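The values are calculated or read from the model by the stated rules, or taken from the named source; none is laboratory data. None of these values were measured; they are calculated from a predicted model. Note that each Cβ is placed from the backbone with ideal geometry, even for glycine, and that neighbours are counted across all protein chains shown. Quick note on the areas: whole protein, heavy atoms, side chains included, nothing else; ligands and nucleic acids left out. Shrake-Rupley method; radii C 1.70, N 1.55, O 1.52, S 1.80 Å.
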Amino acid sequence: MKPIALTNNGESRFYEYKRNFTVEKCNAVLKITADYKYAAYINGIFVCNTQASDTLDRKSVCSVDISDKVKQGENELFVIAIHMDAEFSVARNMPAFLAFEIISEGKIIASSDCNTLARCSLKYNIGDVTTPQLGYGIDYDFTAEDSDFMPCKELDLKVNFVPRAI
């Protein structure tokens, strides 16, 4: 897996990622991680979310069977992820990134690379620090119009990906 990001500016914010992929047979597994929290959707259907407060030396990767979410032909992975620019009990300060692979029939059919599109979400906003343990609060603006998606950049990060224990 390759870590990708839209920008390396280090601000706390939400990023939205999307990647189209084609499935020949409706069996697939999503392997995914991010620098902090994320929620993943296949074709608009929620698949998984997690909080990954580990470090780059040992970055947990979730493995989720998405066979019942994909359809034969064109599909879309959509991920919303939050990046924290500070240390809290639930977050480690590290570069913002997302990494994933979609595997079908033993082959990688899509992965995090420059073909993945992303944007900074203008609807989700970082609020004030709630507590030193929980970090920032979150605001949502239903009226905000998001910007266009742009290609991601592959990051030169040394990450040790390990299977999530649970």
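Data for the structure
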| item | result |
| --- | --- |
| Carbon + sulfur, % of accessible area of region 9-166 - ligands and nucleic acids excluded, 1.4 Å | 49 percent |
| Point-to-point label distance, Thr7-Phe161, nm (Cα→Cβ direction, 7 Å offset) | 2.6 nm |
| Sorted largest first, extent of region 1-81 alpha carbons per principal axis (Å) | 38, 23, 21 |
| Residues of region 126-163 with amide N under 17 Å of a point placed 7 Å along Cα→Cβ from Asn115 | 150-155 |
| Relative contact order (%) - criterion: Cα under 8 Å, at least six apart; region: region 9-166 | 31 percent |
| Accessible-area ranking of Met94, Met150, largest first, probe 1.4 Å | Met150, Met94 |
| Net charge of Cβ neighbours under 14 Å - reference Tyr36; Lys, Arg +1; Asp, Glu -1 | -1 |
| Total formal charge among the other residues, if their Cβ is under 9 angstrom from that of Thr116, Lys/Arg +1 and Asp/Glu -1 | +1 |
| Residues of region 96-129 with amide N under 14 Å of the 7 Å Cα→Cβ point at Thr143 | 123 |
| Subset of Lys71/Lys123; Lys37/Lys123; Lys25/Lys153 violating a 19 Å alpha-carbon distance limit | Lys71/Lys123; Lys25/Lys153 |
| Charge tally in the Cβ shell below 13 Å around Ala86, where Lys, Arg are +1 and Asp, Glu are -1, Ala86 excluded | -3 |
| Cα-only radius of gyration and Dmax that characterise region 46-164, units Å | 16.0, 46 |
